[in-house]
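See structure below.
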Amino acid sequence: MRQVCVLGDGQLGAMLRDAGRRLGLYVETLDPESSDALPESAPRRHAIITAEREHWPDNGFTRNLQAEPGWLNASAFAALTDRQSQKTLLDNLQLPTAPWCPVTVDANLHSLRTALGGEFLLKRRRGGYDGRGQWRSESAGEEGMPDWHDVAIAERCIDFSTELSLIGARDAQGNMVFYELTENFHAGGILQISLMQPGRFARWQREAELYHARLMSHLQYQGVLAIEFFVTDAGLLINEVAPRVHNSGHWTQAGASIDQFEMHLRAISGLPLVTPMQPGCSVMVNVIGRAVDPACLALPGTRLHWYGKQERAGRKLGHLNFFHPDAARAAEWLRRLPLDVTFAESRERALRALVGPNQAREADMAL
Ligand code: ATP
Ligand code: MG
């Protein structure tokens, strides 16, 4: 049996480990701060080595790991972990993305507004997540914009109708599979709710898959990769790419015959890649900042995945999944779920998507 090592020991690594157990693969997660000398460890020399994150400290351990023959997707990480090289790659592959420019040493609020034709976001090139490391030009006060010259890109503020993501996988032979497009609802840059209804975004599915396939083929990518999109009047625009399993694919644990974690392991270990069955509505709700309300568990159909992390404002501590073939039942679950007020808008939008504006409003009044 081949061993799989995962760089990173967060919740994504833990869920890959669980999927490995089900498949009969031994999956070991590795703390990137570890002082463990990998080359000395004989069994790992033949391991397939993947990552659950795209940023890690540059130390002896992570350098050794990347020098192993089993280290996958080196060129994908090189191209995608820095937003500037990611955007450059998307442009080179003629994949539509939000207009952007580098933040050179002489850039200022005025020059960037002129270059991008209006308000923009600064996004730090490395290390941002859950909306951190971002700054919006509309919020510019007296002090002006932060001094992120050379360490950020500037991106035009996009007027989008909604946000979608596509999770896909590719194996060493170039076989590819995709899940259905997922609709994502954020607040303050943090993903709160993901919703998958079969065929709902059929209009965009093929185009999204073509873009995804072009990118994975170019990178000779192995494993699961996620692309986030903005839906605009002019079509799909790529927001960003993550070379790993992704929060917006967590619904697959309840709503697909093969979840994204198993799909990733299949893709990297030579097991068959097949399009999973996704027969109904899936809703995923992140648990953010505080312990889950036990009342969530009192609802039939709730599946909790708890990450075992310390509570901290804005931190993703777990997620709740629900699956049902019937959209009305999924809406009922979401309506009854005890969520704090910060979820109000995301929930309202997700309910509207599930059962239409009238029923969503009635449900709101009933709450
Ligand atoms: P993630 O948690 O997905 O890694 P992140 O911190 O890397 O997030 P982005 O995905 O780039 O950041 O941005 C977070 C959210 O901020 C987006 O999902 C979107 O709601 C909003 N956003 C990002 N870029 C833009 C843009 N150009 N115009 C308008 N809104 C944007
Ligand atoms: Mg994002």
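The values are calculated or read from the model by the stated rules, or taken from the named source; none is laboratory data. None of the values given here were measured: they were computed from a predicted structure. Cβ coordinates were reconstructed from backbone atoms using ideal geometry, including for glycine residues, and neighbour counts include every protein chain displayed. For the accessible areas, the whole protein counts, side chains as well, though only heavy atoms, and no ligand, DNA or RNA atoms are used. Shrake-Rupley method; radii C 1.70, N 1.55, O 1.52, S 1.80 Å.
Any chance you could run the full-extension gain for Glu311 through Ser161? It's 0.36 nm times the residue separation minus the Cα-Cα distance, nm to one decimal.
Full-extension gain reported as 50.7 nm.
Cα atoms only, the chain: Rg and Dmax in Å?
Spelled out, the Cα radius of gyration and Dmax of the chain are 20.7, 63 Å.
Would you work out what percent of the accessible area of the stretch 9-153, with all protein chains in place, is carbon or sulfur (probe 1.4 Å)?
It is 48 percent, rounded to a whole number.
Normalised radius of gyration for the stretch 199-311, please: alpha carbon Rg relative to 2.2 N^0.38 Å, two decimal places.
Here the answer is 1.23, to two decimals.
Given the DSSP H assignment, sum -39500 (n - 2.57) over each helix run of at least 4 residues in the chain and divide by its residue total; what's the result at 222 nm in deg cm²/dmol, nearest 500?
After summing the helix terms and dividing by residue count, I get -9500 deg cm²/dmol.
With every protein chain kept in place and ligands, DNA and RNA left out, what is the accessible area per residue of the chain? Probe 1.4 Å, answer in Å².
Heavy-atom accessible area per residue stands at 44 Å².
Leaving out ligands, DNA and RNA, what percent of the accessible area of the stretch 171-219 is carbon and sulfur, probe 1.4 Å?
47
Find which of His324, Ala234, Gln359 sits farthest along the positive direction of the dipole of the stretch 208-367, computed with +1 on the beta-carbon of Lys and Arg, -1 on that of Asp and Glu, about the Cα centre.
The listed residue farthest towards the positive side: His324.
Identify which of Met263, Met15, Met145 has the largest mean-square fluctuation in a Gaussian network model of the chain, with springs joining Cα atoms closer than 10 Å.
Between Met263, Met15, Met145, it is Met145 that shows the largest mean-square fluctuation.
If you split all Cα-Cα distances of the stretch 89-158 into 10 Å bins from zero, what percentages do you get per bin, shortest first?
Final binned percentages: 20, 55, 23, 2.
Could you derive backbone 3J(HN,Hα) for the stretch 169-179 from the dihedral phi with the Karplus parameters 6.51, -1.76 and 1.60 (θ = phi - 60°), listing whole Hz in sequence and x where the residue is Gly or Pro?
These are the phi-based 3J(HN,Hα) values: 9, 9, 9, 5, 7, x, 5, 9, 9, 9, 8 Hz.
Explain nothing, just the number: relative contact order of the stretch 99-156, from Cα pairs under 8 Å at least 6 residues apart, as a whole percent.
53
Set the Förster distance to 35 Å, then compute FRET efficiency between Ala298 and Ala115 from the Cβ-Cβ distance, nearest 0.05.
Computed FRET efficiency for Ala298 and Ala115: 0.10.
Given the whole protein assembly as supplied and a 1.4 Å probe, what does the accessible area of Lys309 come to in Å², nearest 10?
Looks like 60 Å² after rounding.
Pairs of Cα atoms under 8 Å, at least six residues apart: use those to get the relative contact order of the stretch 176-321, whole percent.
Relative contact order comes out at 23 percent.
At 0.36 nm per residue, minus the direct Cα-Cα distance, what do Ala344 and Val151 gain on full extension? Give it in nm, one decimal, please.
Between Ala344 and Val151, full extension yields an extra 66.0 nm.
Stokes-Einstein diffusion coefficient for the stretch 162-366 at 10 °C in a medium of 1.306 mPa s, Rh from the Kirkwood formula over Cα pairs: what value in µm²/s?
91
At 0.36 nm per residue, minus the direct Cα-Cα distance, what do Asn358 and Thr88 gain on full extension? Give it in nm, one decimal, please.
So the chain would gain 92.8 nm between Asn358 and Thr88.
Please tell me the relative contact order of the stretch 242-363 in percent, rounded to the nearest whole number, where contacts are Cα pairs under 8 Å and at least six residues apart.
Relative contact order comes out at 22 percent.
List the trypsin sites (Lys or Arg not before Pro) within the stretch 210-303 that fall in a DSSP loop (any state other than H, G, I, E or B) and whose Cβ has at most 13 other Cβ atoms within 10 Å.
Within the stretch 210-303, the qualifying trypsin sites (Lys or Arg not before Pro) (loop, at most 13 other Cβ atoms within 10 Å) are Arg290.
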